[in-house]
1. Starting from 0.36 nm per residue, how many nanometres of slack lie between Ala293 and Arg267 once their C-alpha separation is accounted for?
2. Treat every Asp and Glu Cβ in the stretch 7-241 as -1 and every Lys and Arg Cβ as +1, leave all other atoms uncharged, and give the resulting dipole magnitude about the Cα centre to the nearest 20 debye.
3. Please report the net charge: other residues with Cβ closer than 14 Å to the Cβ of Arg287, K and R +1, D and E -1.
4. Which cross-chain or sequence-distant (5 or more) residues have an amide H under 5 Å from the amide H of Ile136, H modelled 1.01 Å from N in plane?
5. For the chain, which DSSP H helices look membrane-span-like by this rule: Cα extent along the axis of 15 Å or more and mean Kyte-Doolittle of at least 1.0?
6. Rounded, prolate or oblate, given the Cα gyration tensor of the chain, with a/c below 1.5 counting as rounded?
7. Among Ser299, Gln234, Ala173, which residue has its Cα positioned farthest towards the positive end of the charge dipole of the chain, with +1 placed on the Cβ of Lys and Arg, -1 on the Cβ of Asp and Glu, and the dipole taken about the Cα centre?
8. Would you mind telling me the antiparallel percentage of the DSSP bridges in the chain, rounded to 5?
Amino acid sequence: MIEMNEGLSFAPWRSLLYVPAHISRYADSACRSSADAALLDLEDSVPPESKHDARAMLPASAHRIAAAGLAVLVRVNAPLRWMVDDLRAAVGAGVTGVVVPKVLGASHLMAIDECLEMLELEHGRERGATRLIATIETPQAFGCMDRIARASPRLVGMMLGGGDFAVTCGSHANANVLRVPKQLLVIAAAAAGVWPLGLMGTPDDLGDLEGFERMARESAEFGFVGATCIHPKQVGALNRAFSPSEAEVARARRIVDAYAAARGAGRGAAAFEGKMIDLPVLAQARRIIERDAALRQRSGGAA
């Protein structure tokens, strides 16, 4: 196993655009998008008879998308008879990471970690180069999220597969039903130092981009740092929602400066805009500044 999980130490992927891996034109569309990552899908969007062709297309698609400046991830199939071939194809294509659906538990993820290590050696890739995102889709996996979040140093993110999770719980897949499970996923991910990915709501109308962006902004307030989307026109909403605004960054800098000035004057507390700056406020301000800097570094100066 690799030795450490970088987790939140590099800028999160704010927007992960699903791309059916067996249709070449969708990969071309992803290249023209402003998504942080393309998520080449070998699972739900690919019919069984097209799985082989989709795997064969991964290298060319991954190369084009990476050349356009996006991170490249692959969502593999859950059944083992397909997953092993998916992992081999993904590592052979040199992708950034793998999204694992229907994670069963920590030991499941550990076995995938071991398989990836062997495949990296086989393909001459750097050890640990292939990241993992775990998808929680059953109440059994939900019950051991804390262990899943710490199962592999490759793991950088977790998300809740709301539809499948609701079905296995016998509930409806609406925002009210999934609100608490998603909040608890945020907490479990934060405790383990990995990214919580997802949306608090359940987007239904592709044409309602304003509603989609409101949902994304609410999700950012709850602690999510990015989310998947199924259409390029949704990417901009995610990038805006999961990035600190210029006003937020400027205010955060003023808070840090005010606190530093107070400490320099020998005071243990500082006032800002009529309120006292306590340590949580200071920590939040520093986090905003760090997130903005990380995003700018990745995008060459423009968040």
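1. Going from the current span to full extension adds 6.5 nm.
2. It works out to roughly 340 debye.
3. With Lys, Arg at +1 and Asp, Glu at -1, the net is 0.
4. Met159, Leu160, Gly161
5. Once both thresholds are applied, what remains is 175-192.
6. prolate
7. The residue sitting farthest along the positive end of the dipole is Ser299.
8. 10 percent
Read-outs: derived from the displayed coordinates by stated rules, not from any lab. Just so it is clear, the model here is predicted, and its values are computed rather than measured. Note: ideal-geometry Cβ built from the backbone for every residue, glycine included; neighbour counts use all protein chains shown.
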